[in-house]
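Following: one structure in structure tokens, then a few remarks.
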Amino acid sequence: TGRAAKLLGITPRQIKRLKKKYRENGPEGLIHGNRNRSSNRKIAPGTTEKIEELYREKYHDFGPTLASEKLSELHGIDISRETLRRILISKGLHTARRRRNSYKQRRPRKEHFGELVQIDGSKHDWFEGRRPPCMLMNMVDDATGTTFSMFFEEETSRAVMTVVWGWIRKYGIMEALYSDHKNTYVNDTEPTIEQQLSGTLPTNDFREACKELGIEIITANTPQAKGRVERNHAVYQDRLVKELRLRGISTTEEANRFLRERFIADLNRRFSIPPKSVDDRHIGLLGRDLRPVFCFRRERTVANDFVIRYKNRFFQIAKDSEVRPLPGKRVLLKEWLDGSIHIETFEGQYVKIKEITEDLKGGSVAYPQNPREGDISTLLSRVTF
């Protein structure tokens, strides 16, 4: 038995099984049982033709992985990525990509969820000509690859504050943000004489909001330094563009709803990974109102008639305001993302104001002294980007 196994290149146990089959069934017992039978994995007749027809009609620019997902999800055709790839190559519908051999070393991931979140904007023809190109603001956690995104017209301070607000409401306050070195994120202008004398650096509204929340902003000198979010852009530009096409979505409002209700959760389920450490570095809000944080800050001087001017609008300090700065005093005016105006002293006390209007009734609009945070979805629905 041992010599026969060595000559045939099989195990002695297999030799014993073959001898038993020979004694029971003769030479026919040595023939494999699946001979002249169809494979259990054989594609059903007509399926290959159906796949080719669907691919030419709807998925001509899809890769094998995404195409196999859509065939299963939308058409009930379960086929593996590799099998589909071979079929497409045989039909001349797909060409294998050639990998470059250049050596690049990735920076190791952070160990904790929320320790570092990368943020960047991607200007692209997301709707394939159904509307003008727009900006996708994308955030990616460095440790897990968890992503969060929203559509805007441009990469503005309002857009950045809104998408970071959305992340914080979902996961909590992160330790640090990794961004481009743009004025949207940091102000790199030369400090004024007053700033030099006081030892302060130029800032902007977004940086002030992050400072108030304890978020460190780290800037990258090259796009390659933010490799995770840059690679994530490619995933969005491949998968999201095609999903929007399949669903006939042509507006940023519909696209943001699709991102929020389905796409982001599905993307995170497929591609995010567990962090090396289970210690989550996000800090909970604990009911904190973010509207006075993510806002536009401007210093103003109280006029002699207790009026404060901003963008050709006039705001009268109410006579019954518990806090009433005297004329000549400097106050902090905050324009929230919903467009409402609020006045604070530099000690953080709210000042009750009334906007001076010229309507027929001669009325005015009063803003609450101690505003409470509403639902973010209701708030953001009133913001025009």
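Sticking with the crude label model, points 7 Å out along Cα→Cβ, report the distance from ALA265 to TYR310 in nm, one decimal please.
Placing both labels 7 Å along Cα→Cβ, they lie 3.7 nm apart.
Quick query: amide H of ILE353 versus all other amide H atoms, modeled in the peptide plane; which residues come in under 5 Å with a sequence gap of 5 or more or a different chain?
Under 5 Å from the amide H of ILE353 lie the amide H atoms of ALA318, TYR367, each far enough along the sequence or on another chain.
Once you have the Kirkwood Rh of region 266-366 from its Cα pairs, apply Stokes-Einstein at 4 °C and 1.567 mPa s and quote D in µm²/s.
Working: Rh = 16.5 Å.
Rounded, D is 79 µm²/s.
Net charge near ILE264, counting Lys/Arg +1 and Asp/Glu -1 over other residues with Cβ under 12 Å of its Cβ? Write down the numbers at each step before the final one.
On the way: positive: LYS170, ARG239, ARG257, ARG260, ARG262, ARG269, ARG270; negative: GLU243, GLU261, ASP266.
Residues near ILE264 contribute +4 overall.
So which lysines can LYS91 reach, going by Cα to Cα under 24 Å and dropping same-chain residues fewer than 8 places off?
Output for LYS91: LYS42, LYS50, LYS58, LYS70, LYS242.
Find how much the distance from ARG297 to GLU322 grows on full extension, using 0.36 nm per residue of separation minus their present alpha carbon separation; answer in nm with one decimal. Spell out each step's value before the answer.
Numbers: separation 25, 0.36 × 25 = 9.00 nm, distance 2.20 nm.
Result for the pair: 6.8 nm of gain on full extension.
Lys and Arg at +1, Asp and Glu at -1: add these up for the other residues within a Cβ distance under 12 Å of ARG297 and post the number. Display every interim value, and only then the final one.
Details: positive: ARG207, LYS211, ARG298, ARG300, LYS334; negative: ASP205, GLU208, GLU212, GLU299, GLU335, GLU344.
Residues close to ARG297 contribute a combined charge of -1.
Under a point-charge model restricted to the Cβ atoms of Lys and Arg (+1) and Asp and Glu (-1), what is the dipole moment magnitude of region 263-305 relative to its Cα centre, in debye to the nearest 20? Each step should come with its number before you reach the end.
Details: 9 positive and 6 negative charges, 30 e Å.
In debye, rounded to 20, region 263-305 gives about 140.
Once fully extended, how much extra length lies between LYS211 and ALA44, figured as 0.36 nm per residue of separation less the alpha-carbon to alpha-carbon distance?
On the way: separation 167, 0.36 × 167 = 60.12 nm, distance 6.13 nm.
Between LYS211 and ALA44, full extension yields 54.0 nm more.
Amide H of PHE314 versus every other amide H placed in the peptide plane: which residues, excluding those fewer than 5 positions away on the same chain, fall under 5 Å?
Counting only residues 5 or more places away or on other chains, the set is ILE356.
For LYS276 paired with THR219, estimate the spin-label separation in nm (one decimal), with each label point 7 Å from Cα along the Cα-to-Cβ line.
2.9 nm
Each reported figure results from applying straightforward, stated rules to the coordinates on display, with no laboratory input. It should be emphasised that the depicted structure is a prediction, and the values quoted were computed from it without experimental measurement. Using ideal geometry, Cβ is built from the backbone for each residue, glycine included, and neighbour counts are taken over all protein chains shown.
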